[in-house]
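Undergrad: Questions regarding the structure given below will be posed in turn.
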Amino acid sequence: MTIGVVVFPGSNCDRDVRWATEGCLGMPTRYLWHEERDLSGLDAVVLPGGFSYGDYLRCGAIARFAPVLESLLGFASSGGRVLGICNGFQVLTELGLLPGALTRNRDLHFICEDTALSVVSDRSPWLSSRGRGSQFCLPIAHGEGRYQCSDDTLKQLQDDDAIALQYCVNPNGSVGDIAGITNVSGSVLGLMPHPERACDQQTGGTAGRAILEALLS
């Protein structure tokens, strides 16, 4: 497996992701500068956390027009796996690969803490090793992580079994306690928590490894 990690001006978790995928899990990983268009040879692409293009306008709104994401649309439509973490989740919604939007947290504060999560759907390969109903903790770090969507979209997510993760205690006001969702096929996952920060016992535990290890299957 070869993993591509997109680097936008303002990304700050790209190195964390590469450290997790390559350093901890031994998967060949290369950076994809935001102006790059060539995704050949990649089995999966990760959009990392950070503040792409300074989060001007709104989170992910400018990144959505990056040349690399034009190529990502074709990559995803052909079944390529895509993982969007925090700002990467925001970018995926702006790009239209996932529905809904991420907005300012309920109390308008930046939140940085460990949070308990529950697996709602194990249909997607990203969470198939965990099992529906299982719980684990991952760190969150966001100011605009409040997932919002229309009632019709929420029902569609439920009907499609596309709600991947829920917060056990909702920290940001997300509708339906949603912490992560997938597309209909399950190949694209967006989540606000940071699995790459929980891949080593000495630096934050290993609860995030199962999500990234799904890249190996």
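Undergrad: From the list Gly88, Gly74, Gly100, pick out the single residue that is within 15 Å of Asp14 (Cα to Cα) and modelled with pLDDT of 95 or more.
TA: After applying the criteria, what remains is Gly88.
Undergrad: Restricting attention to region 40-58, and to residues there that are more than 13 Å from the chain's Cα centre (by Cα) and aliphatic (A, V, I, L, M), which single residue is farthest from Ser11 (Cα to Cα)?
TA: Leu42
Undergrad: Another one. When you check Val17 against the structure, is it assigned to a strand (DSSP E or B), at pLDDT 95 or above and of a type outside the set (Asp, Glu), yes or no?
TA: The answer is no for Val17.
Undergrad: Condition test on Ala179, is it out of contact with any Cys (no Cβ under 9 Å at 6 or more places or on another chain) and over 20 Å from Phe110 (Cβ atoms)?
TA: Spelling it out, it is not the case that Ala179 is out of contact with any Cys (no Cβ under 9 Å at 6 or more places or on another chain) and over 20 Å from Phe110 (Cβ atoms).
Undergrad: Identify all residues within region 167-210 that are surrounded by 20 or more Cβ atoms within 10 Å (Cβ to Cβ) and over 27 Å from Phe75 (Cβ atoms); write none if there are none.
TA: Matches in region 167-210: Tyr167, Pro171, Asn172, Ser174, Ala207.
Undergrad: Please verify whether Leu127 is among the aliphatic types (A, V, I, L, M), surrounded by 23 or more Cβ atoms within 10 Å (Cβ to Cβ) and closer than 28 Å to Arg18 by Cβ, treating the condition exactly as stated.
TA: yes
Undergrad: Which numbered condition trips up Leu215, out of (1) among the hydrophobic types (A, V, I, L, M, F, W, C); (2) at pLDDT below 95; (3) in contact with a Cys (Cβ under 7 Å, 6 or more places away or on another chain)?
TA: (3)
Undergrad: Please work out if Gly100 is surrounded by 18 or more Cβ atoms within 10 Å (Cβ to Cβ), touching a helix residue (DSSP H, G or I) at 6+ places or on another chain (Cβ under 9 Å) and touching a residue at least 60 places away in the same chain (Cβ under 8 Å).
TA: Spelling it out, Gly100 is indeed surrounded by 18 or more Cβ atoms within 10 Å (Cβ to Cβ), touching a helix residue (DSSP H, G or I) at 6+ places or on another chain (Cβ under 9 Å) and touching a residue at least 60 places away in the same chain (Cβ under 8 Å).
Undergrad: Hey, any hits in region 56-64 for a residue that's of a type in the set (Gly, Ala, Ser) and either surrounded by fewer than 20 Cβ atoms within 10 Å (Cβ to Cβ) or farther than 21 Å from Cys112 by Cα (or both)? Let's see the steps before the verdict.
TA: From region 56-64, those of a type in the set (Gly, Ala, Ser) are 60-61, 63; that's our starting set.
Within this subset, residues satisfying the condition of being either surrounded by fewer than 20 Cβ atoms within 10 Å (Cβ to Cβ) or farther than 21 Å from Cys112 by Cα (or both) are 61, 63.
For region 56-64, residues of a type in the set (Gly, Ala, Ser) and either surrounded by fewer than 20 Cβ atoms within 10 Å (Cβ to Cβ) or farther than 21 Å from Cys112 by Cα (or both): present.
Undergrad: Only one residue in Gly180, Gly176, Gly145 is at pLDDT 95 or above, in contact with a Pro (Cβ under 9 Å, 6 or more places away or on another chain) and more than 20 Å from Ala20 (Cα to Cα). Which one?
TA: On the way: Gly180 fails: more than 20 Å from Ala20 (Cα to Cα); Gly176 fails: in contact with a Pro (Cβ under 9 Å, 6 or more places away or on another chain).
After ruling out the rest, the residue left standing is Gly145.
Undergrad: Which residue pairs have Cβ atoms under 6 Å apart, sit 6 or more places apart or on different chains, and have a first residue in region 46-65 that is within 18 Å of Gly4 (Cβ to Cβ) and a second that is among the hydroxyl-bearing types (Ser, Thr, Tyr) and outside any helix (DSSP H, G or I)?
TA: Pro48/Ser11; Gly50/Ser11
The values are calculated or read from the model by the stated rules, or taken from the named source; none is laboratory data. On a predicted model such as this, the values are computed, not experimentally measured, just so you know. All Cβ positions, glycine included, derive from the backbone under ideal geometry; neighbour counts span all protein chains shown.
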